[in-house]
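In what follows, a structure is listed as structure tokens, so that the remarks can point back to it.
The values are calculated or read from the model by the stated rules, or taken from the named source; none is laboratory data. Here the structure is a predicted model, which means the values were calculated and not measured. Every residue, glycine as well, gets a Cβ built from its backbone with ideal geometry; the counts of neighbours run over all protein chains shown. Just so you know, the surface numbers come from the protein's heavy atoms only, side chains and all, with ligands and any DNA or RNA stripped out. Shrake-Rupley method; radii C 1.70, N 1.55, O 1.52, S 1.80 Å.
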Amino acid sequence: MGRVTRRTAPLVLVGLLLLSLNLRPAAVSVGPVLAEVRAGLSMSSATAGLLTSLPVLAFACFGALAPAAARKLGVHRVTMLAVLVLVVGLFARSLARDEAVFLLLSMLALAGMAMANVLLPSLVKLHFPDRIGQVTALYTTALSIGLTATLVLTVPISDAFGGWRVGLGAWSGLALVAALPWLVLIRHDRSLEATPRSVTFGDVARTPLGLAMAGFFGLQSLQAYVVFGWFATLWRDNGYSAGHAGALVGLLAAVSIPLSLWAPGAVARSRDARWVVLAVMLCYPLGYCALLVAPHDLALLGALLVGTGTVTFPIVLVLIGLRSRTPQGTAALSGFTQSMGYLLAALGPFGISTLHDATGGWTIPLLVLIVLMVPQVLVGMYVARPTFIEDQLARRTADAG
């Protein structure tokens, strides 16, 4: 099996960046045109709530499969297959005429996205072990750019080219471009080989760090997917047009672009990353409070603050790489953290949708999001302290012996 050399390392980096650009359109492109999708497919409120929960369900169901698949087939092959599945799902769902078919094809696209997303930290650990902070900063920034572009451009594309189907289907073209580097890299494929200190999915589940990482990832994902799935609707309910509401969510996402360049490196360099993590997380409740007071007049302030809070995501991704010693350990920690974390996060979009329908407004949903920040801060402070999953497992083994 060929090894990626210094000469092909730039292609790996290009592949990572193009892949990152495509890891959010499948999940968030529906939000800005959700009302139009519901009307076009005669979609019920319950189905719409399920649709906004599909991304986190896909991560929970399919993300856990990625490390084992990478060990058997090779990490580059699995990444390429994940991107191709994403392309097919994105394109096919834009043609769906039935809400059930639309949901199934959305899940197909999201399955590809989920597997690629889980493999990203292990790809960084494998190819750039001495530059985890820098490379994570680059790919999370690319992810934020893709997220922002999707939120800002989906409505204009839909308006310019005949409706929401074109607005959603257009993102399959970008995903197809992302597959090209991996078609080359499969000739230099790498397996995530077992080592004497191999870490499995089940091993991670038995450690305090693994459980805390899953909780931290799940709670921050719950916040993010509620924001990107429902805040366009929140602002439309408070007097903004579809285009302006989409632009506000786009601004919210855009805030994370420069901060994503800074935060992973700051966490990687810091001897005590807790203060960086805490400062970023507290922007969430501050933004929610602004929207509780005046969701229309303070929309800009709320978007800026909540957007800063979403930088928790690149922070938790760099922590996955920093809390493990080997690529195989990183893959196991990433698989457990993201699959279990997203299972927890799946409660968010559907639960907030139910609360919104039951109360007829956004006050109670926003208050619930603020309350959920309490456990997120607690587990975030724990995982920000330096420790390694392999070390916890070694201590557990020694204690058992």
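The condition of being out of contact with any Leu (no Cβ under 7 Å at 6 or more places or on another chain) and under 21 Å from VAL276 (Cα atoms) holds for only one of PRO386, PRO375, that being PRO386.
Might you let me know whether the range 263-285 holds any residue that is without any contact (Cβ under 8 Å) to a residue 24 or more places away in the chain and within 16 Å of ALA224 (Cα to Cα)? So far as the range 263-285 goes, no, none of its residues is without any contact (Cβ under 8 Å) to a residue 24 or more places away in the chain and within 16 Å of ALA224 (Cα to Cα). With the checklist (1) in contact (Cβ under 8 Å) with a residue 24 or more places away in the chain; (2) farther than 22 Å from VAL377 by Cα in hand, flag the one item GLY360 doesn't pass. Every condition holds for GLY360 apart from (1).
Being more than 20 Å from TRP182 (Cβ to Cβ), at pLDDT 80 or above and assigned to a helix (DSSP H, G or I) holds for only one residue in LEU51, LEU19, and it is LEU51. Pull up the range 297-340, narrow it to residues that are of a type in the set (A, V, I, L, M), over 18 Å from MET381 (Cβ atoms) and open to solvent by 10 Å² or more (accessible area, probe 1.4 Å), then point me to the one that is nearest to the chain's Cα centre (by Cα). Ranking the candidates gives MET340 first. Any residue at all in the range 175-191 that is part of a loop (DSSP other than H, G, I, E, B), of a type in the set (Gly, Ala, Ser) and surrounded by fewer than 20 Cβ atoms within 10 Å (Cβ to Cβ)? Checking the range 175-191: at least one residue is part of a loop (DSSP other than H, G, I, E, B), of a type in the set (Gly, Ala, Ser) and surrounded by fewer than 20 Cβ atoms within 10 Å (Cβ to Cβ). On the stretch given as the range 265-324, residues that are farther than 25 Å from ALA247 by Cα and outside any helix (DSSP H, G or I) total 6.
No other residue among ALA111, ALA96 is closer than 13 Å to ALA27 by Cα and at pLDDT 90 or above apart from ALA111. Considering (1) crowded, with 19+ Cβ neighbours inside 10 Å; (2) under 17 Å from VAL374 (Cβ atoms); (3) not hydroxyl-bearing (Ser, Thr, Tyr), the lone condition that LEU286 does not fulfil carries the number (1).
Of everything listed in (1) in contact with a helix residue (DSSP H, G or I) (Cβ under 6 Å, 6 or more places away or on another chain); (2) small (Gly, Ala, Ser); (3) more than 27 Å from LEU23 (Cβ to Cβ), the single unmet condition for ALA358 is (1).
Any idea which of LEU105, LEU95, LEU126 is outside any helix (DSSP H, G or I), open to solvent by 10 Å² or more (accessible area, probe 1.4 Å) and either of a type in the set (Asp, Glu) or touching a Lys or Arg at 6+ places or on another chain (Cβ under 9 Å) (or both)?
Of the residues listed, the single one that is outside any helix (DSSP H, G or I), open to solvent by 10 Å² or more (accessible area, probe 1.4 Å) and either of a type in the set (Asp, Glu) or touching a Lys or Arg at 6+ places or on another chain (Cβ under 9 Å) (or both) is LEU95.
The residue list ALA142, ALA160, ALA170 contains one member that is surrounded by fewer than 21 Cβ atoms within 10 Å (Cβ to Cβ), within 23 Å of GLY307 (Cβ to Cβ) and at pLDDT 90 or above, which is ALA142.
Would you mind stating whether ARG131 is charged (D, E, K, R) and open to solvent by less than 30 Å² (accessible area, probe 1.4 Å)? No, not satisfied. Restricting the first member to the range 198-222 and to residues that are more than 11 Å from SER339 (Cβ to Cβ) and basic (Lys, Arg), and the second to residues that are assigned to a helix (DSSP H, G or I) and open to solvent by 10 Å² or more (accessible area, probe 1.4 Å), the beta-carbon pairs closer than 7 Å and six or more apart or on different chains are ARG206/ARG396.
Of the residues screened, ARG271 is one that is closer than 23 Å to GLN392 by Cβ and open to solvent by 10 Å² or more (accessible area, probe 1.4 Å).
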